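The values are calculated or read from the model by the stated rules, or taken from the named source; none is laboratory data. Because the structure is predicted, anything quoted here is derived from the model rather than measured. Glycine also receives a Cβ, built like all others from the backbone with ideal geometry; neighbour counts cover every protein chain displayed. Please note that ligands, DNA and RNA were not included when accessible areas were found on the heavy atoms of the full protein model with its side chains. Shrake-Rupley method; radii C 1.70, N 1.55, O 1.52, S 1.80 Å.
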Amino acid sequence: GAVVSQHPSWVICKSGTSVKIECRSLDFQATTMFWYRQFPKQSLMLMATSNEGSKATYEQGVEKDKFLINHASLTLSTLTVTSAHPEDSSFYICSARPPFLREGSYNEQFFGPGTRLTVL
Amino acid sequence: SQQGEEDPQALSIQEGENATMNCSYKTSINNLQWYRQNSGRGLVHLILIRSNEREKHSGRLRVTLDTSKKSSSLLITASRAADTASYFCATDPNSGYSTLTFGKGTMLLVSP
């Protein structure tokens with residue numbers, strides 16, 4: 001159980017276009033999803049925390065208007081990179097956290113396989 | 001700022017050998033988690049150790065936690081080529097709804 005999927009796995013786009021990445025929890029409801037960005041051979045940097053039905057909480061330095069996050073349902077969160085530029089090229093990973101009331105839950109997160117974005 | 005700092009940054013060993021990775025952190029935690037990431041893939045949760053625990057085992061994995069030194073170690077025994085991956089520690093300051101802070105990771109290469 002606890003499977004998280006991302007779509008697409010990779011995307012190549014032209015500079016100035018917008019790209020939408022989907023994150024789905026397949027077998028559990030995720031009230032909270034997280035979006036991370038990872039540069040080659042580096043750690044994950046948290047971009048934002050997405051709560052179902054409310055606005056996302058962005059980390060310092062992350063542009064809200066650049067990285068639009070929507071968490072419209074308990075199983076789906078989307079990240080839209082607007083007007084993408086080459087410097088936005090990165091590996092984007094989402095994770096989902098089951099409801100806290102799940103027995104034994106200790107802030108364990110389940111990660112999607114990631115989306116490789118390349119902006120030309 | 002990064003909470004967890006792993007060392008070494010990279011580790012190369014032969015199959016059958018043990019691999020030890022260390023993680024240091026700066027602030028108090030509720031629990032510390034270790035994750036594994038294969039190249040170009042998402043993270044897989046390996047093991048969670050709570051602040052009141054000192055050692056935990058899961059298969060070939062052994063994790064220790066020393067809250068007085070603010071450090072943790074991950075030991076993989078009898079390593080296999082399939083263990084080749086990056087390993088990250090992540091700290092959780094409060095149980096429940098807090099965010100995790102990831103360290104920089106250790107790249108492990110296990111040669112046949």
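Cross-link candidates for B:Lys69: which aspartates and glutamates have Cα within less than 19 Å, leaving aside residues fewer than 8 places away along the same chain?
B:Glu5, B:Glu6, B:Asp7, B:Glu53, B:Glu55, B:Asp92
Each label point is 7 Å from the Cα along the Cα-to-Cβ direction; what then is the distance between the points at A:Ser15 and B:Lys56, in nm?
Each label point lies 7 Å from its Cα, and together they span 4.6 nm.
What does the structure give for A:38-44 when I average, per residue, the other chain Cβ atoms found within 10 Å of the residue Cβ?
The per-residue average across the peptide is 6.
Run the reach check for B:Lys70 against lysines, Cα to Cα strictly under 18 Å, same-chain hits fewer than 8 apart removed. What comes back?
List returned: B:Lys26, B:Lys56, B:Lys104.
Determine the equivalent ellipsoid of the protein assembly as shown by diagonalising the alpha-carbon gyration tensor, then write out the semi-axes as square roots of 5 times the eigenvalues, largest first, rounded to whole Å.
Numbers: eigenvalues 173, 88, 50 Å².
Here the semi-axes work out to 29, 21, 16 Å.
Need the full-extension length gain, A:Thr118 to A:Glu87, defined as separation in residues times 0.36 nm minus the C-alpha distance. One decimal, nm.
Separation in residues times 0.36 nm, less the Cα-Cα distance, equals 10.3 nm.
Can you sort A:Arg97, B:Arg41, A:Arg37, A:Arg24 by solvent-accessible area, 1.4 Å probe, largest first?
Greatest to least solvent exposure: B:Arg41, A:Arg24, A:Arg37, A:Arg97.
Please state the shape class of the range A:18-120: rounded when a/c is under 1.5, otherwise prolate if a/b exceeds b/c and oblate if not, all from the C-alpha gyration tensor.
Prolate, since a/c reaches 1.5 and a/b exceeds b/c.
Per 0.36 nm of contour for each residue apart, how much would the distance between A:Thr57 and A:His7 grow if the chain were fully extended, relative to their Cα-Cα spacing?
Contour length minus Cα-Cα distance gives 15.8 nm.
What spacing in nm lies between the two simple spin-label points modelled at A:Thr80 and A:Lys41, each 7 Å away from Cα in the Cβ direction?
Going from the A:Thr80 label point to the A:Lys41 one covers 3.6 nm.
In debye, nearest 20, what is the charge dipole magnitude of chain A about its Cα centre with +1 on Lys and Arg Cβ and -1 on Asp and Glu Cβ, if you could check?
Details: 11 positive and 10 negative charges, 42 e Å.
With Lys and Arg at +1 and Asp and Glu at -1, about 200 debye.
Per residue of B:33-43, what is the mean number of Cβ atoms on other protein chains within 10 angstrom of that residue's Cβ?
Values: counts 4, 0, 4, 0, 6, 1, 1, 7, 7, 16, 11.
Partner-chain Cβ atoms within 10 Å, mean over residues of B:33-43: 5.
What length, rounded to one decimal in nm, is gained on full extension from B:Asn30 through to B:Asp66, with 0.36 nm per residue of separation minus their alpha-carbon distance?
11.7 nm
I'd like the accessible area for B:Arg80: 1.4 Å probe, protein heavy atoms, all chains in place, Å² to the nearest 10.
130 Å²
Extending each Cα 7 Å along its Cβ direction at B:Asn18 and A:Asp65, get the distance between those two points in nm, one decimal.
The answer from the label model is 5.6 nm.
Dividing the alpha-carbon Rg of chain B by 2.2 N^0.38 Å yields what?
With N residues counted in chain B, Rg over 2.2 N^0.38 Å equals 1.01.
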